[in-house]
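Heads up, the thing below is written out as structure tokens.
The values are calculated or read from the model by the stated rules, or taken from the named source; none is laboratory data. Quantities reported herein were computed from a predicted structural model and do not represent experimental measurements. Positions of Cβ are generated from backbone atoms using ideal geometry, with glycine treated the same way; all protein chains shown enter the neighbour counts.
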Amino acid sequence: MAGGSGGRAGHHTGRIIFRAAATLLMVAILNFLLFRVIPGDPANMLLAGARSAITIHQIEAQRQSWGLDKPLIPNQLFSYVSATLQGDLGYSFKFRGRRVSDLILERIPATLALAGLAQLIAITIGVTLGIIAGWRRGGAVDNITTGISLALYSTPPFWLGMLLVVAFSTMLGWLPGYGAYSAGAAHVGILGRLSDHARHLILPVLAVTLGLIGQYVVVARAAMSDVVTEDYIVTARAKGLTNNQMLMRHAFRNAMLPVVTLITLNLGYVVAGAITVESVFAWPGIGSLTVEALNARDYPVLQGIFLLLGASIVFANLMADLIYGVLDPRVR
Amino acid sequence: MTLNASTQEVWFRHRRAILKAILIGSTAPLLMSSTALASCGDHVAQIAGILAPDTMNPFATWSSFWPTTFTYDFLVGVDAQRHSDRKGFAEEWSVAEDSLTWTFKIWPGMKWSDGKPATARDAAFTYNYLRDSIGKPDELNIGWNNTGGLELVEKIAALDDETLQIVTKTPTRWPVDNTVMIVPEHIWKDVSYADARSTFRNDPPLVGTGPMIIAEFQQGQFARMTPNAYFRTGQPPIAGFVFSFFPSADSIAQGLKSGDLDYGMNLTPAQWRDLSKDDGIVVGQARIEARNYLAFNTASGEGAGSTNALQDQAFRDAIGYAIDQNLIAERAFRGHADPGLGLVVPVAKDYYSDLADIRRHFDLEEAARRLDAAGYKDINGDGVREDKEGNGFQLELITGTSSGTMETPIAAVQLVAGWLGQIGIPIAVTQLDSGAVQARTALPSQGGGKWDLYIGGIWLSPSAPDLLVLGQKGVRHNRAYWQNAKFDELAAEVAKTAQLEKSQQLVDEAVRLIYKEAPYIMLAYPFMLDARRKDCFQGWGTEDLVSMWSYFPFDRMKAM
């Protein structure tokens with residue numbers, strides 16, 4: 001029986017890994033096609049800032065430079081797929097031949113710092129508050145937490161960001177309102193640089209966190225609200241378990257399934273960053289890079305970013321599937 | 001006692017939370033103490049604009065005028081012709097009577113920022129480096145430093161360290177009008193054309209002759225400039241400046257208010273008005289070469305619009321009477337623009353004309369009368385005019401989505417659509433992002449066209465050839481697809497004219513021709529809106545706080 005159970009689990013794991021790989025391949029191909037459907041010509045966009053007359057000859061020269069004069073299918077597609085399979089994400093148009101992988105690696109730390117930290121704080125606070133609110137439904141904590149959470153959930157993070165800038169940067173002057181660090185911070189020592197970076201990080205992290213907290217509270221509260229009405233909770237109460245024992249041993253674990261789904265999905269988006277918040281704070285992360293690449297129709301960079309995003313979401317889903325198996329063996 | 005007991009109870013119940021609060025609170029001084037990286041005391045100015053330079057290589061991109069203009073000089077360029085105290089690489093220049101031979105005197109004893117002599121040989125190298133690439137697979141024709149205009153040049157040579165001679169094939173003002181940035185031969189001589197037009201990043205610290213040298217470039221964030229110790233008129237007095245790059249003007253306006261920024265450009269009228277109420281801030285509005293216009297799709301055949309009327313001069317001319325440029329400048333631009341008129345912008349004073357004898361005046365009844373006379377009447381009485389094929393007008397007007405200094409505000413689009421609706425020409429407005437606008441307004445041979453009206457903007461140099469570019473055949477900027485042999489002939493002649501007076505006559509003739517033909521209706525000449533703080537630095541400009549064409553005022557600005 002044990003061998004059979006282990007075999008089923010192995011089969012389950014193999015199936016979801018295969019599904020993840022197939023999804024990733026589809027994402028790679030779709031990435032190539034989707035961005036080319038958007039109207040716009042990279043060759044024209046590269047010359048958009050020109051302050052002198054641009055001739056058709058110059059546009060054609062740009063097109064040839066980046067291989068855009070070759071047929072989309074099969075030449076460009078084949079070239080892209082074969083390079084991607086070898087781990088080569090290509091070269092940026094906008095950034096004049098810089099390797100896409102270098103550009104992404106350059107921006108990822110800023111995004112991980114911003115989105116990662118925001119997720120961590122939001123998960124900790126949001127899930128805790130949601131669980132408490134769900135456990136004590138109808139109480140003052142529940143009413144206040146739910147009200148505030150719904151308000152935060154429905155407020156666009158970029159708007160929160162703008163309010164924070166006005167309050168803490170413009171009016172109070174406590175914190176910088178833009179950028180990841182001050183120019184010249186590199187010359188004030190490691191502690192000075194860290195402190196400077198931390199100060200720049202506070203407002204954008206707060207903007208993203210506030211938006212996410214609402215989301216976590218709402219989901220965790222709903223999950224907990226369902227669990228507290230279950231028969232086994234009534235049984236546990238009848239057995240004389242304390243509130244804490246019931247919460248930690250029975251309710252919490254069962255309420256975690258939808259929360260884990262949300263966490264893993266959101267973690268998948270960590271690498272994508274918070275595009276609008278990054279724009280508000282001029283934060284040099286993947287989100288800003290996406291906007292720059294999109295404005296320039298920089299296909300290789302867009303393909304690289306979305307492949308990474310796709311991979312991270314597929315990976316997060318993979319993790320969710322595997323964790324489900326641990327949390328609830330029935331899903332195997 | 002009761003109080004003490006209560007305090008103890010609170011402590012025991014909440015000791016963890018209190019300890020956490022103390023711990024977090026202890027980090028506050030570190031975070032809040034403001035390490036003063038941006039302050040008056042360091043004498044480093046903080047400036048910002050909406051831009052996204054991608055490389056510091058002027059041969060590979062158009063996007064890095066800012067900040068490279070502070071490091072590299074033009075030989076002459078725009079500002080040196082307008083202001084005697086904003087010279088470039090050449091201190092003086094003259095043209096021989098044959099109008100072909102130009103002589104430039106380079107600043108004696110000038111040095112690059114690395115201490116090596118900066119001579120006429122560097123200027124000759126820069127131009128010849130470009131010229132020699134012509135016709136090669138890697139021709140340097142895609143960036144700020146490009147081969148445009150060099151086809152008119154016969155020879156470029158350094159006669160000695162201080163004398164550069166440019167001999168042209170035909171008379172032309174290109175030798176003084178061109179905006180090629182002069183680069184040091186000892187840095188660039190080993191850079192291949194293939195690298196120069198793409199992967200060579202020209203990483204900081206750059207070597208230039210401008211007052212401020214790019215010492216650090218963080219893509220998507222900022223460029224840090226340090227003063228050039230060898231600048232020809234002496235090392236600039238300030239300790240440098242940081243040029244921050246923003247995707248929108250909101251952060252710029254907030255940065256000015258909070259004191260994080262000393263200067264910001266690309267402001268919107270609303271932000272400008274708000275900042276103007278701040279006692280610590282001076283706002284500015286500079287006339288630039290930007291033009292916002294309404295273009296008619298005059299193409300026939302491939303890429304043509306929905307009606308042949310767009311190809312009819314009488315139809316376009318009549319529409320011109322239905323546009324109130326004064327109201328557009330006043331309402332849509334909130335007064336931060338000159339009303340549109342002809343092809344030439346007011347700031348190009350040498351060529352500007354008020355076209356008093358031929359200009360149209362806003363009069364909807366006159367517009368309607370002219371449409372009637374041209375055969376575009378409302379025959380069936382439904383309030384919508386019909387074209388000569390009997391089809392009711394329903395024109396598509398395309399425009400961009402962003403607003404601000406360079407883009408036409410949507411309020412202008414609404415005004416135009418409203419006026420045309422009043423004279424029986426209904427308009428459907430389609431807003432597109434910049435990429436889609438570029439795609440739809442590309443030349444029909446490149447897949448563009450099939451729209452009726454387009455409202456957009458352009459900002460080129462004030463040189464005579466660039467002033468006429470909207471009407472020229474084979475040029476991307478000709479969004480109206482208008483073709484006129486006489487106009488092309490005049491434009492070609494302008495490019496081959498060195499004498500200012502003759503050039504002025506030719507430009508005026510071309511401007512009048514295109515005004516009467518009306519493929520474009522100029523809506524406005526928008527200003528660049530900017531602002532500076534009063535507290536840290538002095539020496540900003542008056543007409544323009546910061547030049548849009550040179551290093552000014554960072555060669556002379558002082559800390560207070």
Which pairs do you get when a residue that is under 16 Å from residue B:121 (Cα atoms), found in region B:74-90, comes within reach of a residue that is assigned to a helix (DSSP H, G or I) and of a type in the set (Gly, Ala, Ser), reach meaning Cβ atoms under 8 angstrom, with the pair 6+ apart or on two chains? B:74/B:80; B:75/B:123; B:88/B:77; B:88/B:80; B:89/B:123; B:90/B:80; B:90/B:123
Look through region A:14-47, keep the residues that are assigned to a loop (DSSP other than H, G, I, E, B) and touching a residue at least 40 places away in the same chain (Cβ under 8 Å), and return whichever of them is nearest to the other protein chains (Cβ to nearest Cβ). A:40
Elements of type helices (runs of 4 or more DSSP H) contained in region B:180-292, each with 2 or more residues being out of contact with any strand residue (DSSP E or B) (no Cβ under 8 Å at 6 or more places or on another chain) and more than 30 Å from residue A:162 (Cα to Cα): B:185-188, B:193-196
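Yes or no, residue by residue, for (1) closer than 30 Å to residue B:493 by Cα; (2) not in a strand (DSSP E or B):
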position: B:503; (1), (2): yes, yes
position: B:507; (1), (2): yes, yes
position: B:514; (1), (2): yes, yes
position: B:521; (1), (2): yes, no
position: B:542; (1), (2): no, yes
position: B:546; (1), (2): no, yes
position: B:553; (1), (2): no, yes
Could you tell me how many of the residues in region B:81-99 are out of contact with any helix residue (DSSP H, G or I) (no Cβ under 8 Å at 6 or more places or on another chain), outside any loop (DSSP other than H, G, I, E, B) and closer than 22 Å to residue B:539 by Cα? 1
Within region A:165-205, residues more than 9 Å from chain B (Cβ to nearest Cβ) and either among the polar types (S, T, N, Q) or buried (at least 23 other Cβ atoms within 10 Å of the Cβ) (or both) come out as A:200, A:203, A:204, A:205
Being of a type in the set (A, V, I, L, M, F, W, C) and modelled with pLDDT under 90 is the filter; apply it to region A:78-94 and report the residue that is surrounded by the most Cβ atoms within 10 Å (Cβ to Cβ). A:81
Quick check on this structure: which one of A:149, A:182 is in a loop (DSSP other than H, G, I, E, B) and hydroxyl-bearing (Ser, Thr, Tyr)? A:182
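Every residue, every condition in (1) part of a loop (DSSP other than H, G, I, E, B); (2) touching a helix residue (DSSP H, G or I) at 6+ places or on another chain (Cβ under 9 Å); (3) without any contact (Cβ under 8 Å) to a residue 24 or more places away in the chain, yes or no:
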{"position": "B:429", "(1), (2), (3)": "no, yes, no"}
{"position": "B:435", "(1), (2), (3)": "no, yes, yes"}
{"position": "B:473", "(1), (2), (3)": "yes, yes, yes"}
{"position": "B:479", "(1), (2), (3)": "yes, yes, no"}
Checked B:399, B:430, B:408 against criteria (hydroxyl-bearing (Ser, Thr, Tyr), more than 9 Å from every other protein chain (Cβ to nearest Cβ), surrounded by fewer than 19 Cβ atoms within 10 Å (Cβ to Cβ) and under 30 Å from residue A:59 (Cα atoms)); the one match is B:430
Considering only region B:500-516, I want to know if a residue exists there that is over 27 Å from residue B:319 (Cβ atoms), within 14 Å of another protein chain (Cβ to nearest Cβ) and crowded, with 22+ Cβ neighbours inside 10 Å. no
Name every residue in region B:477-494 that is within 11 Å of chain A (Cβ to nearest Cβ) and either on the phi > 0 side of the Ramachandran plot or buried (at least 23 other Cβ atoms within 10 Å of the Cβ) (or both), in order of residue number. B:491
Exactly one condition in (1) in contact (Cβ under 8 Å) with a residue 40 or more places away in the chain; (2) in a helix (DSSP H, G or I) is false for residue A:120; which is it? (1)
